[in-house]
Each structure stands twice: as structure tokens, then as C-alpha cells.
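Data block below; observations after.
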Amino acid sequence: MKKALPACFVLLTVTLVQAEERPTFYPFDVTLGGVKAEMKPGNTLFAEVPKPVTDDAVLALDHEVPMLIVNAFPCKEDGSVEETQAVGILYAQKVKQVKLDATMDKKKLPPGNYLANVVADGKTSRIVFTVAPAESKVKTDFSKVLGFLKKKAGLDK
């Protein structure tokens, strides 16, 4: 029994170290346009893709999934959803990556800000990103989006 106790302790320690705690709204990593989305300090609602991407950027996961669904909601600078614009929906099976221009309606995402739900393996990672025209150099600042969503969720206290 005395010999088993240290082995159990080592096993438990290794398991706890490996069990990385993930944010609720970002349970798995998403890379868009070659840039990994990241959770910023003080933001628990979504991960940000800090650089603008093109309308045909590749959205990639760390591993192949049986089904990948992406819902990209066009939003205003403050984070409120653009109700007059269509939601970009991507659906693919047995993939590790998908291009943003592979929407179900075959339409490219127009330039602007997007809140997206990336669904895979029964989990959803929320990201925010900007699609910019190829010729522009748009600077991304998602602080207004975060403020809007925190207010909407009652977390702005």
C-alpha cells in the first residue's frame, strides 16, 4: 500500500497538469487566416483574431472532426448583430479546416466584423474577427464588441 500511494500521487499530479482549464466560450483552439484566436485578459465571452482576414481565409482546428459548423454573424463595431445581413453558415464533415468562402449559400462574407460560433466535437468556441478588403489595412479593436456583449449579458457591473 505504501508503494502504491506515491505512484497514485504522481499519476494524479500528471493528470491535473494535463487537464488544462479552458474558458467556457473557447473550449478548443481556432486558427483563422493563419492566426490563432486568443482570449484577452478580462474577456471571457469570445476569443479574438487580432488581424483582419480575407474573405477566403482558412479556418482550422487542431485535429480532424466528424462535423464542423460555423455560424458567422455580421456585427456592427459595437458588437450588435447586423440584422439586414445574412449569417454566413459553413458546414463540413470529416475535416480539420474549411475556407470562409465555402458558405452554404456560396456567397463570400462581405467586409466587416463577425461574431462566430465554431461548433465541433459537441463544443462551441466563440470567436470575433474582421474580414477586410484585400487592399485595405484595417485595424481591429474589439473593445466595443466586448462592452456590448458584457452589457447584454449583465456582466458590465
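Just so it is clear, none of the values below were taken in a lab; they were calculated from the coordinates. Predicted model, so just to flag it, every value in this text is computed and none were measured. We place every Cβ from the backbone using ideal geometry, glycine too, and count neighbours over all the protein chains shown.
Could you order the peptides 34-47, 105-118 from most to least packed, using the average number of other C-beta atoms within 10 Å per residue?
Final packing ranking: 105-118, 34-47.
Counting Lys +1, Arg +1, Asp -1, Glu -1, what net charge surrounds Lys108 among other residues with beta carbon under 12 Å of its beta carbon?
Result for the local shell: -1.
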